[in-house]
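Here the structure comes first, spelled out in structure tokens, and everything after it is commentary.
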Amino acid sequence: QLKYQGVGTLTAGQYFGEYSCLLGFPRSATVVAVAYCELYSLHRADLEQVTDQWPELAEEFSMLVREWNPVEEDTRAVRET
């Protein structure tokens, strides 16, 4: 039997996995529901199709990422080289 360590609780309208989706980071946690819930999934490739069509949306996401972690751009550049 797997044992999980709780690190937080999400409520309706909240989300997880944004670093993985927006930046391509490997996921850093496993989310386990404690009750019935309806979830939606967005794969990075699908997000890239949308941001290719609407570059202004890609810029909005970039601004969000910079707000989360101002050094993220430098980290990603290092990881890509």
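The values are calculated or read from the model by the stated rules, or taken from the named source; none is laboratory data. The model shown is predicted, which means the values in this text are computed figures rather than measured ones. All Cβ positions, glycine included, derive from the backbone under ideal geometry; neighbour counts span all protein chains shown. The accessibility values were calculated without ligands, DNA or RNA, using every heavy atom of the protein model including side chains. Shrake-Rupley method; radii C 1.70, N 1.55, O 1.52, S 1.80 Å.
Hydrophobic (A, V, I, L, M, F, W, C) and at pLDDT 90 or above: is that true of Leu23 in this structure? So Leu23 does not fit the description; no. Checking each residue in the stretch 1-47 for being of a type in the set (Ser, Thr, Tyr) and either in contact with a strand residue (DSSP E or B) (Cβ under 8 Å, 6 or more places away or on another chain) or closer than 21 Å to Leu64 by Cβ (or both) picks out Thr11, Tyr15, Tyr19, Ser20, Ser28, Tyr40, Ser41. Taken over the stretch 16-51, the criterion of being open to solvent by 80 Å² or more (accessible area, probe 1.4 Å) and in contact with a helix residue (DSSP H, G or I) (Cβ under 8 Å, 6 or more places away or on another chain) is satisfied by Pro26, Arg27, Ser28, Leu42, His43, Arg44.
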